[in-house]
Structures are given as structure tokens and as C-alpha cells.
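As C-alpha cells, the structure follows; a few thoughts come after it.
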Amino acid sequence: AISRATFRRIRASLAQTSFEQFDRDAFHDLLLSEVTLSWSNKLRTTAGLTRMRKTTRQGSPTKYTAVIELSTKVIDNPFRLSSTLMHEMCHAAAWVVDHVAKPPHGKCFKKWAKHAMSSFPDIMVTTTHDYEIRYKYAWACTTPKCGVIIRRHSRSVDPIKQVCGRCNGALMEIEAPDE
């Protein structure tokens, strides 16, 4: 296994290489010219999303393109990258190839997911993720019976101004638990 720091350094090139391999082997080179990848630090709980775009110009055929956004905060290892990327590529294929966006996890998505999993049996394409998200900061309620822990990616909670949402108790910054 590689460290999180190493993964952060190589994630963009690893994502692009994986995208090209998945496109070639599971999607028959249908996506590379119409789909781009980007990394987002705004996605805090969602591992990825696919933004779909339809462009119509008079005298030209309608163009279907997509941008796959991957979360820098949720995707922190190669396993999460490959499963999230494959999932988002199924959305992109449904849009770019079949021009279907809704329902997001309907028949068309499932058709592409089945196709992708037959090409890459080690990668499960599911409709949700249950990744435990790692947070840098945490605060605990100081009321003994409460037990609330608030987790954030940034130091956005001010225990002087803010209180526990459950019991109005005081908050104290703690080391972020790895759970």
C-alpha cells in the first residue's frame, strides 16, 4: 500500500492513466474525446460526480460531453480512485453514448456498469459508496452523557462561539479519530 502523501502526489497521473485504460478496455474508446477529468477540493462527502453538457449549434450535430470531478478529500487511495472513476465513467457513457442522464442509476447506467465489471471483475460498480472519510479536525462535546463528535476538513468550528447541536454543551478540540 502507498502512503496518503504519495497518493496525493501521483493521483492526477494515476487517474488519467486509469481513465485511458478503462476507456480502452471497458468502453471501447468512446469516452476519451468527449470526457475530461478534474480534481475538486469542494466535494467533501461525495467521492465523485459527472457534469453533463449538451451543446447545440445550428447546422452542427448535437454534442454530448462530460466532466468527471473527483474529490481530493474522499478519494485518498488507489482503490477508491478506481471504483469511483469507473462509477463516474458509467454515468459519462450513459450520457455521451446513449444521451441518457435520468434516472442517474437506472437501466442505462446499470448496462454500462455490468459491461465495465465484465471487463474489470476486481472493480465493483455500485450506486453508493460507504467510504469512511478521514477528517483533519474534530471537536467533542464536553457534556459527559452526550458523546457528540464533530468532524471537519478545516478548522471551521470555533468552540468559543459555537456549542453542541444536541445538548448545547461546550465543545473542545480533540485529535481527529480515524473512524
Please pick out the residue among Ala176, Ala138 that is in contact with a Pro (Cβ under 7 Å, 6 or more places away or on another chain) and in contact (Cβ under 8 Å) with a residue 24 or more places away in the chain.
Ala138
Among the residues of segment 43-93, count how many are more than 19 Å from Pro103 (Cα to Cα) and not hydrophobic (A, V, I, L, M, F, W, C).
21
When segment 1-37 is checked residue by residue, the ones that are under 18 Å from the mean Cα position of the chain (by Cα) and of a type in the set (Gly, Ala, Ser) are Ala12, Ser13, Ala15, Ser18
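Residues that are part of a helix (DSSP H, G or I), modelled with pLDDT of 95 or more and in contact with a strand residue (DSSP E or B) (Cβ under 9 Å, 6 or more places away or on another chain): does segment 44-62 have at least one? Break it down into steps so the answer makes sense when it comes.
Step one: list which residues in segment 44-62 are part of a helix (DSSP H, G or I), which gives none.
No: segment 44-62 contains no residue that is part of a helix (DSSP H, G or I), modelled with pLDDT of 95 or more and in contact with a strand residue (DSSP E or B) (Cβ under 9 Å, 6 or more places away or on another chain).
Mind listing just one residue for me: the one in segment 127-154 that is assigned to a loop (DSSP other than H, G, I, E, B) and touching an Asp or Glu at 6+ places or on another chain (Cβ under 8 Å) and, of those, surrounded by the fewest Cβ atoms within 10 Å (Cβ to Cβ)? Before the answer, list the steps.
Taking segment 127-154 and keeping what is assigned to a loop (DSSP other than H, G, I, E, B), we get 127-136, 142-148, 153-154.
Now drop any that are not touching an Asp or Glu at 6+ places or on another chain (Cβ under 8 Å), which leaves 132, 134.
Values: Glu132: 8, Arg134: 15.
If we take residues in segment 127-154 being assigned to a loop (DSSP other than H, G, I, E, B) and touching an Asp or Glu at 6+ places or on another chain (Cβ under 8 Å), then Glu132 is surrounded by the fewest Cβ atoms within 10 Å (Cβ to Cβ).
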Between a first residue in segment 52-63 that is within 20 Å of Cys90 (Cα to Cα) and a second residue that is of a type in the set (Asp, Glu) and in a loop (DSSP other than H, G, I, E, B), which pairs have beta carbons less than 9 Å apart while being 6 or more apart in sequence or on different chains?
Lys63/Glu34
Looking at segment 158-172, which of its residues are in contact (Cβ under 8 Å) with a residue 24 or more places away in the chain and of a type in the set (A, V, I, L, M)?
Ala170, Leu171, Met172
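The values are calculated or read from the model by the stated rules, or taken from the named source; none is laboratory data. Since this is a predicted model, take the numbers as computed values, not measurements. All Cβ positions, glycine included, derive from the backbone under ideal geometry; neighbour counts span all protein chains shown.
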